[in-house]
Amino acid sequence: MPLVTTKEMFEKAYNGGYAIGAFNVNNMEIVQGITEAAKDLNAPLILQVSKGARAYANHTYLIKLVEAAVIETGLPIALHLDHGDSFETCKSCIDGGFTSVMIDASSKPFEENIALTRKVVEYAHDHGVVVEAELGTLAGVEDEVNVSAENSSYTRPEDVQEFVQRTGCDSLAIAIGTSHGAYKFKPGTKPQLRFDILEEVSRRLPGFPIVLHGSSSVPQEFVKIINENGGNMPGAIGVPEDQLRQAASMAVCKINIDSDLRLAMTATIRKYFNDHPDHFDPRQYLKPARAAIKDMVAHKIVDVLGCDGKA
């Protein structure tokens, strides 16, 4: 089975009341952990690559890792560019074999966002690739994304119809209270997603797939392990998983998860070195790290996304 676009999987997800996990990948162990979990649970999958991941791991290596995952699993897998910041970056990924790209012009004025998004859409559609766009701006820091709380903004539902119609985008990332990175909210607060915005957006765009970025839940067991093994992560709080499951039952068809994978991997490696300070074989600490990612992804697929058995 070749790489697929997200079109069919989003149609099924929207009608079925579940979401597809979009997991960021940076190396072989992360790809393996994610795809092994998805294979065991027969779940459709989006593997996404950021601009930073392409710079770190090299476009060609990442493509070949994902192609290997398709061969090994037989699953429908889409390869997606996360937060493309320019036409040139999106074009490079389209030309290089990606089946889906995101153009993130959300920080630009409305008309500039439309113009750049439309340019990417026209090129992508000519090459059989789908496009995710964004309206509204999430706060937080993760990879290439760095937006202060003061500069973040909720998506305006009254803008979405015009934006989608004029750009021709295939899915839309909206801002309803999620945030990039592990340090999302102040300690002691209980984050609350703006379901009223999501409901109004879905009313104005019936049947149209919505995307949530910044949706890691920051599991406290991994934060604790990191802090107990030389780390310092006070006050790391994520998005409650019950709220993400509610969003997945509505119009949200794609939920991005990155920080939780990083936390699982980092916590496992930190603990391994604390317990085995004399070990130096990378296989010895990357194997349990890969297993931790697999367990994390399995949990997300079953308990948050609800896409197990949907491949």
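The values are calculated or read from the model by the stated rules, or taken from the named source; none is laboratory data. The model shown is predicted, which means the values in this text are computed figures rather than measured ones. Virtual Cβ from ideal backbone geometry, glycine too; neighbours counted across all protein chains shown. The protein model used for the area step is the full one, side chains on, heavy atoms only, and it has no ligands, DNA or RNA in it. Shrake-Rupley method; radii C 1.70, N 1.55, O 1.52, S 1.80 Å.
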Open item on the list: Given the condition aromatic (F, W, Y), open to solvent by 10 Å² or more (accessible area, probe 1.4 Å) and closer than 18 Å to E134 by Cα, answer yes or no: does some residue in the range 86-93 qualify?
Closed with: yes
- [ ] Kindly list the number of the only condition in (1) modelled with pLDDT under 65; (2) small (G, A, S); (3) in contact with a helix residue (DSSP H, G or I) (Cβ under 8 Å, 6 or more places away or on another chain) that fails for G207.
- [x] (1)
Task: Considering residues of the range 19-58 that are more than 15 Å from the chain's Cα centre (by Cα) and assigned to a loop (DSSP other than H, G, I, E, B) only, the residue surrounded by the fewest Cβ atoms within 10 Å (Cβ to Cβ) - done: N58
Task: Criterion violated by G168 - all others in (1) at pLDDT 95 or above; (2) under 21 Å from D82 (Cβ atoms); (3) out of contact with any helix residue (DSSP H, G or I) (no Cβ under 6 Å at 6 or more places or on another chain); (4) open to solvent by 20 Å² or more (accessible area, probe 1.4 Å) satisfied - done: (3)
Task: Residues of the range 290-311 satisfying the condition of being of a type in the set (A, V, I, L, M) and crowded, with 20+ Cβ neighbours inside 10 Å - done: A292, I293, M296, V297, I301, V304, L305
Open item on the list: Given (1) more than 25 Å from K12 (Cα to Cα); (2) among the hydroxyl-bearing types (S, T, Y); (3) surrounded by 23 or more Cβ atoms within 10 Å (Cβ to Cβ), identify the lone condition not met by S215.
Closed with: (1)
